[in-house]
Amino acid sequence: MTDPNNTDLLQGVTLKMILTELVEQYGWEGMGRCINIRCFTHEPSIQSSLKFLRRTAWARDKVEAMYLQWKMDIVIP
């Protein structure tokens, strides 16, 4: 995530905010289809997902990329 435009979109946004918005938009099932990790597919919750994502950089990167793509789709339809 070295692109300055990407970091601008993430400025001041917490991982919890990102996850909450994505779950509201796609639901847990949709999140699990886009990013196939257990914390989204088996008994998902915000807390368990946050715990996993904070410890697992590759998964957090995928969630941030999904969030950025979603935000870019909103800004540039």
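So the values come out like this:
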read-out: Test: residue in region 41-56 that is closer than 19 Å to M72 by Cα and of a type outside the set (D, E, K, R); value: no
read-out: Residues of region 36-66 classified as of a type in the set (V, I, T), surrounded by 18 or more Cβ atoms within 10 Å (Cβ to Cβ) and over 8 Å from the mean Cα position of the chain (by Cα), total; value: 1
read-out: When residues of region 67-77 are limited to those that are touching a helix residue (DSSP H, G or I) at 6+ places or on another chain (Cβ under 6 Å) and modelled with pLDDT of 90 or more, the one surrounded by the most Cβ atoms within 10 Å (Cβ to Cβ); value: Y67
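The values are calculated or read from the model by the stated rules, or taken from the named source; none is laboratory data. The model shown is predicted, which means the values in this text are computed figures rather than measured ones. When we count neighbours, we look across all protein chains shown, and the Cβ atoms used for this are built from the backbone with ideal geometry, even at glycine.
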